[in-house]
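Q: Right, I'll just put the structure down here and ask away after.
The values are calculated or read from the model by the stated rules, or taken from the named source; none is laboratory data. Note that the structure is a prediction, hence the values are computed from the model and not measured. Counting neighbours? That spans all protein chains shown, and the Cβs are built from the backbone with ideal geometry, glycine included. Remember, those area values only see protein heavy atoms, side chains included, never the ligands or the DNA or RNA. Shrake-Rupley method; radii C 1.70, N 1.55, O 1.52, S 1.80 Å.
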Amino acid sequence: MPSQQGSPTVRRLRLGQELRLLRERKKLTGARAASELGWSPSKVSRIEAAKTMPSADDIKVMAQLYRVDEEKLDELFGLLRDAEQRGWWEDYEDALPEEYTRFLGLEAEAKFQRNWEPQIVPGTLQTEDYAREVILATRGIARITHSGVRSRVEARLDRQQRVLHRADPCELTVVLDESALTRRFGEPSVMREQMEHLLEVSLLPHVSIHVLTLDSLHPVNTGAFIHLKFAAFDDVVYLEQLYTAHFVDDLERVAGYEAAFDHIKSEALDEDESRVLIQRKAMLWRR
């Protein structure tokens, strides 16, 4: 995927958002626009929600209805061209849940990522062996095949390269609970290597790792979440459960998650103190 085009997932969302704004500026409801276009209301809704890709002809007739000038029409066609590009994560579509691949598409263009993880080391920071053990731990419940495990591990490592080592990486701030450093996945050597990897990654200039110790005040009772911030798109929060995942894009609720992260981070150790604690945990796993 050409880097100058950004993420096709974000382009699809932006295209839908632009078409919705153009409709609203003409004071048309979705149902009225659909009637004027000779479409079903669901088609307009799905295009605006980026659940259906419009064709060039679809955009042309929508632009006519909304009285769009040539400059704006060119912009819409540009978004469509970029939206039709293939993202790296689409190579793993058969092995990954649909909502997760959508998340990867959004993450590819995020400028800032804030991740709270109370149970395990976050995927962006996992070693190959640790990632495999984490996936295997849920294999029987989620019914993941041997090839599925392999594909998920490959996707996780590919994601790390794209997030941590791309030419213009996002600013990544992670707060993880101390229990994630002591909950064993695999042999002790797997955990020791994982701790050492955390120390190494924490030295990257765009990565900030904080540990919330077990004796710290826990100001917010919430599960794991990832808050993505973009340069030209509204913030999104990603929530993942055992069988499902969903996105929070309501501005008020996103602001609530941002405040929750700030509270948790304020109770966590700073970066240097966190490295000292991670180093101690690495030494314990040598026994």
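Q: Which far-off residues, 5 or more places away or on another chain, put their amide H under 5 Å from the one on HIS210, with H placed in the peptide plane?
A: Counting only residues 5 or more places away or on other chains, the set is VAL174, VAL175, LEU176.
Q: Do you know the relative contact order of region 11-150, to the nearest whole percent, from alpha carbon pairs under 8 angstrom that are 6+ apart?
A: 20
Q: If you don't mind, another one. Provide the net charge surrounding ASP215, with neighbours chosen by a C-beta distance below 14 Å and charges set as Lys +1, Arg +1, Asp -1, Glu -1.
A: For residues surrounding ASP215, the net value is -4.
Q: Could you sort the peptides 221-232, 148-159 by per-residue average Cβ neighbour count (10 Å cutoff), highest mean leading? Don't jump to the answer; show the numbers that get you there.
A: Values: 221-232: 16.2, 148-159: 18.2.
In descending order of packing, they fall as 148-159, 221-232.
Q: Between PHE112 and residues 5 or more places away or on another chain, which pairs have amide H atoms under 5 Å apart, with H built 1.01 Å from N, and which residues are they?
A: GLU171, LYS229
Q: How much accessible area per residue does region 130-239 have, in Å², with a 1.4 Å probe? Before the final figure, lay out each step's value.
A: Working: 5160 Å² over 110 residues.
Accessible surface, normalised per residue, equals 47 Å².
Q: In whole Hz, what ³J(HN,Hα) sequence does region 98-111 give by Karplus (6.51, -1.76, 1.60; θ = phi - 60°), x for Gly and Pro?
A: So the J values, rounded to whole Hz, are 4, 5, 5, 5, 5, 4, 4, x, 6, 4, 4, 10, 5, 8.
Q: In percent, how large is the relative contact order of region 178-247, given Cα pairs closer than 8 Å and 6 or more residues apart? Provide the component values of the computation, followed by the final result.
A: Details: 41 pairs, mean separation 13.2, N = 70.
It comes to 19 percent, rounded to a whole number.
Q: Rounding to the nearest 10 and keeping the result within 0 to 90°, find how far the Cα-based axis of helix 8-25 lies from the longest principal axis of the chain.
A: 40
Q: Quick one: grab the alpha carbon gyration tensor of region 75-212, order the square roots of its eigenvalues as a ≥ b ≥ c, and give me rounded if a/c is under 1.5, else prolate or oblate depending on whether a/b is larger than b/c.
A: oblate
Q: Additional query: How far apart, in nanometres, would the label points at ASN221 and GLU187 be if each is projected 7 angstrom from Cα along the Cα-to-Cβ direction?
A: 4.1
Q: Using the Karplus equation 6.51 cos²θ - 1.76 cosθ + 1.60 (θ = phi - 60°), what ³J(HN,Hα) coupling, rounded to whole Hz, does each residue of region 271-286 give in order, writing x for Gly and Pro?
A: 4, 5, 5, 5, 4, 4, 5, 4, 5, 5, 5, 4, 5, 5, 6, 7
Q: Now for a different question. Calculate how steeply helix 188-201 sits against the longest principal axis of the alpha-carbon atoms of the chain, using the helix alpha-carbon long axis, and give the answer as 0 to 90 degrees to the nearest 10.
A: 60
Q: Can you grab the distance from the C-alpha centre of region 268-285 to the C-alpha centre of region 69-122, Å, no decimals?
A: Distance between centres, Cα-based: 33 Å.
Q: Suppose R0 equals 51 Å; then what is the FRET efficiency for GLU71 and HIS206 from their Cβ-Cβ distance, rounded to the nearest 0.05?
A: 0.90
Q: Helix 56-65 versus the longest principal axis of the chain: what angle, 0 to 90°, nearest 10, using Cα atoms?
A: Here the helix axis deviates by roughly 60 degrees.
Q: Please give the FRET efficiency for GLU24 paired with HIS246, using the beta carbon to beta carbon distance and R0 = 22 Å, rounded to the nearest 0.05.
A: For R0 = 22 Å, the calculated efficiency reads 0.35.
Q: Tell me, what HN-Hα J-couplings in whole Hz come from the Karplus equation 6.51 cos²θ - 1.76 cosθ + 1.60 at θ = phi - 60° for each residue of region 246-251, using x for Gly and Pro?
A: 8, 10, 10, 10, 4, 4
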